[in-house]
Amino acid sequence: MNIVSLLRRAALAFAVVPLMAAAQYPAKPIRFVVPFAPGGSSEIIARSVAQELTTQLGQSVYVENKAGGASTIAMMDVKNAPPDGYTIILGHVGSLAVNPYAMKTHPYDVDRDFIPVALLARVPNLFVINAETVPAKDFREFIALAKAKPGVLNYGSAGNGSAGHLAFEYLKMVTGTNIQHVPYKGTGPQLQDLLGGRLEATSAGAPALMAHIKSGKLRAIAVGTPKRIPALPDTPTVAELGYPDFETSQWYGVLVPAGTPREIVLRLNAEINKALQSSHVTQRYAADNAVAEIGSPEQFAAFIAREQSRWKEVVRKADIKIE
């Protein structure tokens, strides 16, 4: 056998291996990286989907929380992981649509280093205050208080560039208020300080806040979505309070490292879409006012591009910088 024939056979063998791996996928547990500390909306979304995927695939899909660095630690971990479908990541508005514009040195390229798989959910952003320590009964009173005491009130977020940070900075822009930002490593830790009275306010996804609103410890003063949500029918939207076109929500989706075979991307997309329609996930989402999103990898990629365009302007105008 001559050298040309050997090279052709070798090339064919290398081409067949990925196809065989895709056909047998998944043959072992899948690591689902979440770039936040436990306790927030991301945790609820990720674990509900991971549980259903575990049942569907017959392999464990386990959540690994990897907080820090405004999601860059987790994103770099997954960027450098083998592109075989066994490491996936929960992308969100901060890591995909904000970091590229808010970071002076950005260690990953969303379009080059990752492949969008599926959009999982959109979660309404709520604006809440500590019901016991803040002398305001509603949104207008809170804004009036903030204007009367510029720079005195503070709000917490899950971190610089997080959805809550963006939402509140957007609110500050349209209301002309000066409220100090206190970043944390995740929604859970900042909620502890808010409930403890060390913060006055926050903006976060409904799933992480509803229990505390129902208990009376937090007061919902506005919703970031265009329409009121069923769980809080008496809480107005920011738009209807005199700020037309105001809209902000959190969103989450799954991505894999660049180079992951197309067959695996499509398999994951199909399984995720199936999971999103399961009774377990739909009931869990409904309980937390999250809206499932069914679509293709291409639709998720187009959605990310639109969000990048929108939040780029907010980052610029609010001068948001993530060091």
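Nothing in this text is a laboratory measurement; each read-out follows from the coordinates by a stated rule. Please read all numbers here as calculations on a predicted model, not as lab measurements. For neighbour counting, all protein chains shown are included, and Cβ atoms are generated from backbone atoms with ideal geometry for every residue, glycine included.
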Applying the gyration tensor rule to the Cα atoms of the stretch 33-95 (axes a ≥ b ≥ c; rounded if a/c under 1.5, else prolate if a/b exceeds b/c, else oblate), the class is oblate
In whole angstrom, largest first, the equivalent ellipsoid semi-axes that the Cα gyration tensor gives for the stretch 273-323 are 30, 16, 8
Just want to confirm a number: the relative contact order over the chain, from Cα pairs under 8 angstrom separated by 6+ residues, in percent. 28
For the pair Asp193 and Met173, the simple spin-label estimate (label points 7 Å beyond Cα toward Cβ) gives in nm 2.4
In terms of modelled amide H atoms, which long-range or inter-chain residues lie less than 5 Å from the amide H of Leu153? Gln180
With the crude spin-label approximation of a point 7 Å out along Cα→Cβ, what separation in nm comes out for Lys149 versus Ala23? 6.8
Could you give the size of the charge dipole of the chain about its Cα centre, using +1 on the Cβ of each K and R and -1 on the Cβ of each D and E, expressed in debye and rounded to the nearest 20? 200
With θ set to phi - 60° and the Karplus curve 6.51 cos²θ - 1.76 cosθ + 1.60, what are the ³J(HN,Hα) couplings of the stretch 251-264 in order, to the nearest whole Hz, using x for Gly and Pro? 8, 9, x, 9, 10, 10, x, 4, x, 5, x, 4, 4, 6
Cα axis of helix 139-148 to longest principal axis of the chain: angle in degrees, 0 to 90, nearest 10? 70
Quick calc, the stretch 93-177, dipole around Cα centre from Cβ unit charges on Lys, Arg (+) and Asp, Glu (-), nearest 20 debye, gives 260
For Arg228 and Val182, extending 7 Å from Cα along the Cα-Cβ vector and measuring point to point gives, in nm, a value of 3.1
Rounded, prolate or oblate: which fits the chain when a ≥ b ≥ c are the square roots of the eigenvalues of the alpha-carbon gyration tensor, with rounded for a/c under 1.5 and prolate only if a/b beats b/c? prolate
For helix 297-318, what angle does its Cα long axis make with the longest principal axis of the chain, in degrees from 0 to 90 and rounded to 10? 40
Using only helices, what value at 222 nm comes out for the chain when you add -39,500 (n - 2.57) per DSSP H run of length 4 or more and divide by the total residues, to the nearest 500 deg cm²/dmol? -13500 deg cm²/dmol
How many angstrom lie between the Cα centre of the stretch 69-90 and the Cα centre of the stretch 155-179? 27
Is the shape of the stretch 218-317 rounded, prolate or oblate, going by the alpha carbon gyration tensor and its root eigenvalues a ≥ b ≥ c, with a/c under 1.5 for rounded and a/b larger than b/c for prolate? oblate
Rounded to 10°, Cα long-axis angle of helix 163-175 versus longest principal axis of the chain: 40
